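Note sheet for the following structure.
The values are calculated or read from the model by the stated rules, or taken from the named source; none is laboratory data. None of these values were measured; they are calculated from a predicted model. A quick note on method: Cβ atoms are made from the backbone with ideal geometry, for glycine too, and the neighbour counts reach across all protein chains shown.
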Amino acid sequence: ETVELHLRTALDPRHAEQQLRGTVVLPHGLGKDVQVLVFVEGEGAKLAEEAGADYVGSDDLVKKIEGGWTDFDVALATKEAMGKVTRLGRILGPRGLMPSPRAGTVVEPEHLPKAVRDAKAGRVEFRLDRTALVHVPLGKVSLNEEELLENMATLVEAIVKSRP
């Protein structure tokens, strides 16, 4: 079971200048093993594998996902691979798995190791929904109270910093 934080804000999500969005790496992670998939070709594939990515590939992964497979928690991609990944939008988008530059999940090949490590360490994305709420996981109930509180403090600090 997951402990989540739901914050009500005074922002109006209908106004572009009042959008709230960002990512933060939680100090104690989410308390679960995160499955990371990386869309990459060439040299970057080796870097992603060495950094601990669970699934690395390009065309092969695109075909697998088109077949209905989505057994992963985070999808990363290089800019070069995004051309192939965009056609997965209708599958990955509704599940919140579509790589996007805004979310920090589309990266340069040389930044893949850090992106994979961050994803594995428990990087979470937060954004304002259409009712001006922010919904974010803090961790599993298996984490102790102190760890959950530290995760919450880090998260609230990141949200305050990214407020418009």
Pairs with Cβ under 6 Å, 6+ apart, first in the stretch 74-88 and farther than 18 Å from GLU49 by Cα, second part of a helix (DSSP H, G or I): LYS84/VAL62; LEU88/ILE65
Selection status of VAL116, part of a strand (DSSP E or B) and among the β-branched types (Val, Ile, Thr): no
Residue in the stretch 51-69 that is closer than 30 Å to LEU7 by Cα and either at pLDDT below 90 or of a type in the set (Phe, Trp, Tyr) (or both) present: no
The stretch 86-116 - residue that is among the β-branched types (Val, Ile, Thr) and farther than 15 Å from VAL38 by Cβ and, of those, surrounded by the fewest Cβ atoms within 10 Å (Cβ to Cβ): THR86
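Condition check ((1) under 15 Å from GLU4 (Cβ atoms); (2) in contact with a strand residue (DSSP E or B) (Cβ under 6 Å, 6 or more places away or on another chain)) across all residues:
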| residue | (1), (2) |
| --- | --- |
| GLY93 | no, no |
| GLY96 | yes, no |
| HIS111 | no, no |
| ASP118 | no, yes |
| ARG127 | yes, yes |
| HIS135 | yes, yes |
| PRO164 | no, no |
Odd one out for ARG127 among (1) outside the structural domain of LEU26 (by TED's automatic domain parsing); (2) part of a strand (DSSP E or B); (3) among the basic types (Lys, Arg): (1)
Residues located in the stretch 27-50, provided they are aliphatic (A, V, I, L, M), modelled with pLDDT of 90 or more and part of a loop (DSSP other than H, G, I, E, B): VAL40
Residue in the stretch 130-147 that is exposed (fewer than 12 other Cβ atoms within 10 Å of the Cβ), of a type outside the set (S, T, N, Q) and touching a Pro at 6+ places or on another chain (Cβ under 7 Å) present: yes
Test result for VAL24, in contact (Cβ under 8 Å) with a residue 60 or more places away in the chain, touching a strand residue (DSSP E or B) at 6+ places or on another chain (Cβ under 9 Å), of a type outside the set (Asp, Glu) and outside any helix (DSSP H, G or I): yes
Test set (1) in contact with a Ser or Thr (Cβ under 7 Å, 6 or more places away or on another chain); (2) closer than 21 Å to PRO137 by Cβ - VAL36 fails condition number: (1)
